[in-house]
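The values are calculated or read from the model by the stated rules, or taken from the named source; none is laboratory data. Keep in mind the model is a prediction, meaning the values are calculated, not measured. When we count neighbours, we look across all protein chains shown, and the Cβ atoms used for this are built from the backbone with ideal geometry, even at glycine. The protein model used for the area step is the full one, side chains on, heavy atoms only, and it has no ligands, DNA or RNA in it. Shrake-Rupley method; radii C 1.70, N 1.55, O 1.52, S 1.80 Å.
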Amino acid sequence: MGFQKILVAIDGSPQATAVFKQALELAKKESASLMVFHGIELGTRLTYPSQIETKTEQAKELLQKYQQEAKEQGIATESSYRVGGAGGTICDAAQSWGADLIVLGRRGYKGLTEALLGSVSSHVVRHAPCSVLVVQGKASAAR
């Protein structure tokens with residue numbers, strides 16, 4: 001079973017580079033297309049249009065960096081972002097793009113910390129329309 005369309009979910013964390021490299025290697029090995037994706041979470045506080053604009057610009061810069069790196073290595077790559085909860089936007093993007101694999105990171109939270117902060121990777125594993133590869137990371141302080 002080969003993969004043709006790999007969606008890699010990227011955030012601004014230090015672990016994002018390791019997640020991206022894993023997806024890039026798989027895309028090379030499988031001769032697959034790559035979608036570099038970022039979900040823009042607005043949080044629970046009142047969000048002003050200027051905050052959305054700032055987060056959107058940051059997302060575009062982040063995605064452009066990773067997309068350029070993949071293209072330099074000969075991988076057919078596109079990028080996308082959506083505003084909303086990370087887990088839901090990742091699953092929606094994978095569904096609409098027709099991904100057959102999602103690659104994303106996990107920070108390694110456990111127990112109460114995971115319950116309080118939530119787990120994007122757990123949500124994606126449960127709701128994804130395709131296979132999911134979770135790249136394990138080390139727990140870091142909450143942002």
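When the C-alpha to C-alpha distance is required to be over 19 Å, the pairs from Lys29/Lys71; Lys29/Lys65; Lys5/Lys60; Lys29/Lys60; Lys5/Lys29 that qualify are Lys29/Lys65; Lys5/Lys60; Lys29/Lys60.
Of the accessible area of the range 1-54, with the probe set at 1.4 angstrom, what percent is carbon plus sulfur?
Whole-percent figure for carbon plus sulfur exposure: 53.
Compared with the direct C-alpha span, the chain from Lys21 to Glu41 gains 4.9 nm at full extension, assuming 0.36 nm per residue. Pull up the cross-link candidates among the aspartates and glutamates for Lys55, meaning alpha carbon to alpha carbon under 20 Å and not fewer than 8 places away within one chain. Partners within reach: Asp11, Glu41, Glu78, Asp92.
Taking a point 7 Å from the Cα of Lys60 along the Cα-to-Cβ direction, none of the residues of the range 19-38 has its backbone N closer than 11 Å to it.
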